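None of the figures in this text is laboratory data; all of them are computed from the coordinates on show. Keep in mind it's a predicted model, so treat the numbers as computed, not measured. Please note: Cβ atoms are built from the backbone with ideal geometry, for glycine as well, and neighbour counts cover all protein chains shown.
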Amino acid sequence: MSFESVKFEDTDIKIIDGDRGKNYPSQNEYLEEGYCLFLNAKNVTDSGFKFNKTKFITKEKDNVLRKGKLKKGDVVLTTRGTVGNVAFYTNEIPYENIRINSGMLIFRLEGKEEFLPEYIYWYFRSNLFQSQIKQYISGSAQPQLPVKTINKMKILKPDIKVQKKIVEIISSVNKKVLNNNKMNKTLEEIAQTIYKRWFVDFEFPNENGEPYKSSGGEMVYSEEMEKEIPEGWEVRYLGDKINIAYGKNLAKKNMKQKGYEVFSASGLVGYHDDFLYEEPQVLVVCRGSKSGKIFESNKKSFITNNCLVFESSISDILNRFYLKYFLLNSNISQFVTGSAQPQITIKNISKLNLLIPKKEVLNKFYKIIKSIDRKFRNNNNENKNLEDIRDTLLPKLMSGKIRVNKGD
């Protein structure tokens, strides 16, 4: 079975550009909160919307802009810079007023029902469409995909009932991925809460299982931490207790499609045929605009020289779980230097004051967080398998290589 392939210009899919005229918002018109979310490139990713960093415009500014306002059911495609990222504006998106920026397009269905918006979204994410982007993209310094080019590109057009079935199959797999992501967010929040309860509020369980500080646990003033800390705890320079190392340089030409995971400033960036660390490590981005970002690698991974590695093993008293949350709750930005090229050096961050709890407290914390971390990583591993299944099924379903019973 094969489906009809049609050019976008021959469909009822309306392609809408953003407003690029004189009323386009200037930098000083963006707000941290406001009436209308104005999308930036980081909000539209290769896996949908993400709203970690947002900017807004006022209602008055929104009213003078002519084009580029989203409606529920719209699909957004990035077409300048990072080309090919896609998002779907569903009822679950927590913003009622959203506009695209000048490097995006809106795909909207109007008229007869020849396509489902969900189908368009998943088609855009498939390699059937992404391969076309690679073929038609233009510009080396600033890659772009103009509307006139997209109009000549093609979309497969199954029967509407077949589209519904395809969407149903893919969405069922993706729903499990989203549920695992939600669970991991909750697990991370639980771990953070435990850390703050124990090591910021000092309400870790004492020998009787009661909260230490509020049960009258002895506290002493620490000049280094500029506050009281539990008696018997120490404060040392981070560099005196933890071995901090730069990752290794890895040229792009040496990256692989499969192998050991490679972590850099943007997280997982590819694969290599060798690894540097047997166990997961705590990483801090040390070069570029993301300097100070803290995250973890996975087992048997390669770390590039855009990251500092806070080396630890499962035998260390100062385990990576405590180290990770200590750094997340510390002011790492104070060690960032350089304006044109921000960076963090080992010499600078080594002078961070490290609070060292008693061994028995650290061991209890390790056992609790290890259980949470195991669930977290199991969810991530399951997601990798689910995403592989989804991304393998997607082009086969849409091309008709896997038959769909539209009567089901």
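With only alpha-carbon atoms in the gyration tensor, what are the semi-axes of the equivalent ellipsoid for the chain, in Å, largest first?
Values: eigenvalues 415, 123, 97 Å².
Ellipsoid semi-axes (Å, largest first): 46, 25, 22.
For segment 4-157, what percent of Cα pairs sit more than 28 Å apart?
Value for segment 4-157: 18 percent of Cα pairs lie more than 28 Å apart.
Can you tell me the alpha carbon radius of gyration of segment 103-237 divided by the globular rule-of-thumb value 2.2 N^0.38 Å?
Relative to the rule-of-thumb radius for its length, segment 103-237 sits at 1.98.
On a 0 to 90 degree scale, rounded to 10, what angle separates helix 359-399 from the longest Cα axis of the chain?
Value to nearest ten degrees: 10.
Given the DSSP H assignment, sum -39500 (n - 2.57) over each helix run of at least 4 residues in the chain and divide by its residue total; what's the result at 222 nm in deg cm²/dmol, nearest 500?
Calculated at 222 nm, the ellipticity per residue is -10000 deg cm²/dmol.
Full extension from residue 5 to residue 82: what is 0.36 nm times the residue separation minus their Cα-Cα distance, to one decimal in nm? Before the final figure, lay out the partial values.
Values: separation 77, 0.36 × 77 = 27.72 nm, distance 2.60 nm.
Once the chain is fully extended between residue 5 and residue 82, it gains 25.1 nm.
When every alpha-carbon pair in segment 229-291 is counted, what percent end up more than 14 Å apart?
Working: 1329 of 1953 pairs.
So the pairs more than 14 Å apart make up 68 percent of the total in segment 229-291.
Determine Rg/Rh for segment 234-356; Rg is computed over alpha-carbon atoms and Rh is the Kirkwood hydrodynamic estimate from the same atoms. Write out the running numbers ahead of the final one.
Details: Rg = 14.2 Å, Rh = 14.7 Å.
Rg divided by Rh gives 0.97.
Provide the packing ranking of 87-93, 59-65, i.e. peptides ordered by the mean count of other C-beta atoms within 10 Å per residue, highest first.
Working: 87-93: 16.1, 59-65: 14.0.
So the peptides 87-93, 59-65, ranked by packing, come out 87-93, 59-65.
What distance in nm separates the simple spin-label points at residue 219 and residue 385, each placed 7 Å from Cα in the Cβ direction?
Once both label points are built, they end up 4.8 nm from each other.
Multiply the residue gap between residue 341 and residue 93 by 0.36 nm, knock off their C-alpha separation, and tell me the result in nm, one decimal place.
Length difference between fully extended and current span is 85.8 nm.
Could you tell me what % of all Cα pairs in segment 291-394 have separations over 21 Å?
Details: 2668 of 5356 pairs.
Considering segment 291-394, 50 percent of its Cα-Cα pairs are separated by more than 21 Å.
Obtain the nm distance between the two label points defined at residue 153 and residue 185 by a simple spin-label model: each point lies 7 Å from its Cα along the Cα-to-C-beta direction.
Computed distance between label sites residue 153 and residue 185 equals 2.8 nm.
Hey, in the GNM for the chain with a 10 angstrom Cα cutoff, which one of 99, 20, 108 fluctuates hardest?
20
Do the alpha carbons of any pairs in 258/347; 248/290; 227/367; 241/367 sit beyond 23 Å of each other, and which pairs?
The pairs that break the limit, which is 23 Å between Cα atoms, are 258/347; 227/367.
Please compute the length gained on full extension between residue 405 and residue 40, using 0.36 nm multiplied by the number of residues separating them and subtracting their Cα-Cα distance.
Net length gain for the segment: 127.4 nm.
Suppose each label sits 7 Å from its Cα in the direction of the beta carbon; what would the residue 193-residue 72 distance come out to in nanometres?
3.1 nm
Grab the beta carbon distance between residue 311 and residue 258, set R0 = 22 Å, and tell me the FRET efficiency rounded to 0.05.
The value I calculate is 0.25.
With the chain treated as a Gaussian network of Cα nodes joined by springs under 10 Å, which of 338, 73, 18 yields the largest mean-square fluctuation?
Among 338, 73, 18, the largest mean-square fluctuation in the Gaussian network model of the chain belongs to 338.
Only Cα pairs under 8 Å and at least 6 apart count here; give the relative contact order of the chain as a rounded whole percent.
Relative CO of the chain lands at 15 percent.
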